[in-house]
Each structure stands twice: as structure tokens, then as C-alpha cells.
1. Within 10 Å of each candidate Cβ there may be at most 16 other Cβ atoms; applying that plus a DSSP loop requirement, which chymotrypsin sites (Phe, Trp or Tyr not before Pro) in region 52-138 survive?
2. To the nearest 0.05, what FRET efficiency results for LYS62 and ALA16 with a Förster distance of 41 Å applied to their C-beta separation?
3. In region 31-156, with Lys and Arg counted as +1 and Asp and Glu as -1 at Cβ, which of these residues, ALA53, LEU154, ALA72, has the Cα nearest the positive end of the dipole, that is, farthest along it?
4. Say R0 is 41 Å: what FRET efficiency, to the nearest 0.05, do SER74 and VAL45 get from their beta-carbon distance?
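Just so you know, all these numbers are worked out from the coordinates, no wet-lab data involved. In this text, all values refer to a predicted model and were calculated from it rather than measured experimentally. Cβ placement follows ideal geometry from the backbone for every residue including glycine, while neighbour counts extend to all protein chains displayed.
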Amino acid sequence: AHARYPRRWHAEELQARVLAPDETLLAFFLGARASVVWVITSTAVHAIALPSAAEIETRARKALDELRDPYAKSTPALAELSHALEVAQLEKLAGGNRLVVVPHGILNDVPFEALVDPHGARLVERYAISYAPSASSLAFLQTQRHGPSAPAGLLAVANPVVGDRDSAVRRQFDLAHIHLLEPLPHSGE
């Protein structure tokens, strides 16, 4: 029922009951004429105007193509996307060192960890970044926690054989440049 009819949380409730003092919620909305990102910390709420959805989508596609190219020596399209998303302004408003990103549209495909500030430093160098499908979902899941969380205790490694033995060595699939990958040594053992 919560997934279909979520409770709408007000910013004040998110600040008081959901966000930690070192956490910032970035909620994006891409609109036809203009877009916006709401920056919510435990003490403040800001809205930053962004370019239209079409402009952000164009920049995001170029940045994603750039990130997929293992031969890329520089990432100017990623820098342009970071500028369009106002990363410098987001960093000024962020409280603490954790970002929770609620993406919209094509931003669901963008690894925010890779975005850069005006000096070229990636966000992952300064922030722990997590994602949520919506502020309401984040709040719902945060309020459902009971007791201490169990530590992660699983590391899974696979070395599947696809086709004959030679194809397992080459690992060629549809994705560009995937042929550069080789099987992880000793993973079959």
C-alpha cells in the first residue's frame, strides 16, 4: 500500500525525522522549460534552478558516452554536465559528507560519484553518495529500521563461461569496449 499510496513528507519532517546532521538530500525534477534541484539538509531547504530537461538530457548522454570510453583521457562532457547540475552550488549548500540523490529522468543513469567540481575533483572524493527513488520512499525505509543493522557479510565473485572456452577468455558482449575485460584470475577456482 505504501508503494502505491505513499505518504507525502514535508521538508520539516524530513529534516527532523529522516536526515542525519551530516546528510543532504538532493531531489531533482527535470521540466520542459526549466528544472530544479531541492537541497535539503537537517537545518535548511534550498531550491536551485537548472536548465531544461532537453538540455540536461543532451549533456547527460554525452557525459555517459564519455564515461563508457576506457580510452578517454579527459572528460569535458562530464564537466559540462556537472556545471549544468550546479555541482559547485550544491557543494556550498551541502551539510556534511553524505549525499542522498533522488534522480529524475535520465539522471537515473548518471553516476553522481563521477561528477566533478570546478577544480576537477570528483564528488566521490568528498561525499558518500547513496540513491533513493523518492524522498517519501527514503523516509519510509528510514522509519522502518528496527534495532542495529546487520553488517554486510557476503562477497560474491563469479567467472561464468559463455559459449566455448575461447569466448570465456575474450568476454565479448554487445557493450562497446567490453572485450578489454579478461576473466578475473583464479575466480574459477
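1. Values: sites: TYR71, PHE112, TYR127, TYR131; in loops: TYR71, TYR127.
Counting only loop positions with at most 16 other Cβ atoms within 10 Å, the chymotrypsin sites (Phe, Trp or Tyr not before Pro) in region 52-138 are TYR71.
2. 0.55
3. Comparing the listed Cα positions along the dipole, LEU154 ranks first.
4. With a Förster radius of 41 Å, E is 0.70.
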